[in-house]
Ligand SMILES: Nc1ncnc2c1ncn2[C@@H]1O[C@H](COP(=O)(O)OP(=O)(O)OP(=O)(O)O)[C@@H](O)[C@H]1O
Ligand SMILES: [Mg+2]
């Protein structure tokens, strides 16, 4: 066994033992770099070459430019549309946002996997075994990642330049290279971001989560910036905006490369700095706590619960925020679509709403669904804490069951209420960026409104947790599916109002289109309170149960 | 029993009870299955109590009842005179528990876990904690998910011992520990006893119970079949005798009064004797015994005898040679 490991190590370390981490990382990164580079290449080439086939006449191209050129809904989603009359402009518009996101995701996943993941698996321990410091190993890994992204860039560039030679496309090699470089820029930036997050976080998963939050925030900011001409300056505040500002093939502005390069350098140096510091106290390379200082430690059960669910809750908050901006940002156009399509209009009329507000109500219904998932996640997390036996560590000490459950409830209620308010604020931000005429107060209360079904679900979940702990997951999810199906089917087929009334999503008024049904909301809160009250009381006197 | 009622009326329950652990008719049913059946336990303060029983006898269930994690179907239990179900917080202030399986939070480090558990416990002897970390050779900077099973077990052991509670409740606490760490554990328990702490130890390792405990209770299918000091139990039980004979003169001892479980192994005869040893000695001398060895039964033998399994365990078999 020992000999086997030694042999393996021997084989991997090879001739230059000092660069083994660099070579292994480069190999891993380059392998996926080739695959993703090809995806980039196919996307760019196919869109460039197909343009001339689809939009043959100048009139068609002008119409395209008019349709998208000043549409805030599409520019919020896909980025600004410049020079759609040309192959180059169209290609940039069509593929750049998707490639930017893909590149960023690739960068995050690759660097967290190859740096944090490999370290977590103990591969580095085996390879290094005292040969080098962690800082040097990290520097090598960064070098390996650079080699990987170079492969991606090379494959994408080669194909871009080649398709530029096509007689119908006609893009010179210089601009083509500039374009492919711009498209790979987010990949480079998020490789660095991922590496940095890997040093901050305590696990690969957490690093990826933290990186995604940064990506989500960059995307959301960019969306705001692109949704109105007056806010275009905001593009300079987000990495995705810098790439847009490069404006390849249309109005190239290479100086936007400055912040991009600066970000990569800063994050790479930050990574090295943290990597070196992590080394200090301990000296070996397995997964240890690094940034958690004594102040940030969870020192109470409530702190622990918050600490353990913080990644999930942050990810939800980021998604709700981004989604609110997105949906709010296309409210006006969305409203128009609803008004102009007879079938949609009648479908929405069944829900009792119409126009732009109708559209916003649907957007917020989606938020209600998202928040319900948060509620389900919270109650199931409480159950998992019990079934895994982790809770016993607290309850065999002088800590009461009731306090544990009440703290858990408080955490969930805070998350759900804040989540609803966040949904309202984000949607409002999105809507005003699209110059839709909506009132802040009405969207804020419409946001709060979507918390109620989630609160109800959570309350009932707590009662189930108390009486039938092993059924928590199945019952709460079934209840949710029931609510959801009734609401969706209710708008399509005529249902008995008793059935409809039993869906929390139906009880929730379609605000802001309809006034908030405070009575229904009060009933939902009352049910939740009674459930929680009984739940806490019954939980105090029941057997703890494992799986 | 009068102590209990006195305790409730005096209002100073904790001070009044002479028992660290006390149960009356403690019963737990899981559907048809009676896991614990009318158990009457009395564990004096300052004593180390070994709680024995085969797999599924109900040891863990008893402990979970005492900790208030599950509710009794009948009867009740008290810790220092505090009802386990009605006053769990007060009772838990005075005890610490180590489970046989450490279910901790994988994303916390050892140090973070100890910190958290100490905060929840409300009392920690910090100097002693550091001493324990050194004694058990634990690296507290590692994450729980990176610990081996034994290291996780050490972590919950330290988490309990560092509180220096009046009562240590231990349910197979050394599962997964290597012999060196087993030594460290025994050392810590001796330390606790010197400080007057009470120990309630459920274990399968007889040598461990023998070395650490002065009282034992044996549980069988949910019923307490034996309880007393080790000395009492030895006295009541049979003596093991091993006799070696010269070639060809091995006698049949099965008819001798008081003798049971006779085993013949070549020239070696092993048997147990209860009551007077005189008839056996006479029979041995008559048959020309060349070597004679007798000893008190080990706890293991007592335990096995309780379950009607006659014979010896692997680690006593080579005592004869
Ligand atoms: N939650 C439960 N539901 C149903 N039966 C249970 C439950 N917990 C324990 N039992 C049953 O109660 C009996 C006693 O189990 P217990 O875990 O107390 O035994 P034990 O003496 O601790 O055994 P071991 O030495 O294996 O740890 C067993 O028959 C077991 O199957
Ligand atoms: Mg057990």
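Could you tell me whether residue B:33 is within 16 Å of ligand 1 (Cβ to nearest atom), free of Cβ contacts under 8 Å to residues at least 24 places away in the same chain and farther than 30 Å from residue A:207 by Cβ? Yes; evaluated as a whole, the condition is true for this residue.
One residue alone among B:244, B:198, B:174 is under 30 Å from residue B:42 (Cβ atoms) and touching a strand residue (DSSP E or B) at 6+ places or on another chain (Cβ under 8 Å), and that residue is B:198. Take residue B:145 and decide whether it is more than 13 Å from chain A (Cβ to nearest Cβ), away from ligand 1 (no atom under 16 Å from the Cβ), out of contact with any strand residue (DSSP E or B) (no Cβ under 6 Å at 6 or more places or on another chain) and closer than 28 Å to residue A:306 by Cβ. So residue B:145 fails the test. Whether any residue in the stretch A:369-382 is over 27 Å from the mean Cα position of the chain (by Cα), in contact (Cβ under 8 Å) with a residue 60 or more places away in the chain and in a helix (DSSP H, G or I) is what I want to check. Looking through the stretch A:369-382, none of the residues is over 27 Å from the mean Cα position of the chain (by Cα), in contact (Cβ under 8 Å) with a residue 60 or more places away in the chain and in a helix (DSSP H, G or I).
The stretch B:241-321 holds helices (runs of 4 or more DSSP H) entirely within its bounds, and those carrying 2 or more residues that are at pLDDT 85 or above and more than 27 Å from residue B:213 (Cβ to Cβ) map to B:278-287. Of all residues in the stretch B:116-132, those satisfying the criterion of being more than 7 Å from every other protein chain (Cβ to nearest Cβ), in contact (Cβ under 8 Å) with a residue 40 or more places away in the chain and crowded, with 17+ Cβ neighbours inside 10 Å are B:118, B:132. Among the residues of the stretch B:97-115, those that are under 15 Å from residue B:154 (Cβ atoms) and more than 8 Å from chain A (Cβ to nearest Cβ) comprise B:98, B:100, B:102, B:110, B:113, B:114. Exactly one residue out of A:464, A:536, A:486, A:530 is at pLDDT 95 or above, farther than 30 Å from residue B:102 by Cα and in the same structural domain as residue A:421 (by TED's automatic domain parsing): that is A:530.
A quick yes/no check of all residues on (1) within 14 Å of another protein chain (Cβ to nearest Cβ); (2) within 16 Å of ligand 1 (Cβ to nearest atom):
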residue: B:173; (1), (2): yes, yes
residue: B:195; (1), (2): no, no
residue: B:202; (1), (2): no, yes
residue: B:211; (1), (2): no, no
residue: B:214; (1), (2): no, no
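Checked against the criterion of being at pLDDT below 95 and within 14 Å of chain B (Cβ to nearest Cβ), the candidates A:433, A:400, A:442 yield just one match: A:400. Cβ-Cβ contacts under 6 Å between residues 6 or more apart (or on different chains), taken from a first residue in the stretch B:161-185 that is within 24 Å of residue B:196 (Cβ to Cβ) and without any contact (Cβ under 8 Å) to a residue 40 or more places away in the chain to a second residue that is away from ligand 2 (no atom under 16 Å from the Cβ) and not in a loop (DSSP other than H, G, I, E, B), are listed as B:174/B:182; B:174/B:185. With respect to the conditions (1) away from ligand 1 (no atom under 16 Å from the Cβ); (2) out of contact with any helix residue (DSSP H, G or I) (no Cβ under 8 Å at 6 or more places or on another chain), residue B:132 lacks only one, and its number is (2).
The values are calculated or read from the model by the stated rules, or taken from the named source; none is laboratory data. From a predicted model like this one, the values you see are computed outputs, not experimental measurements. Cβ: placed from backbone, ideal geometry, glycine included. Neighbour counts: every protein chain shown.
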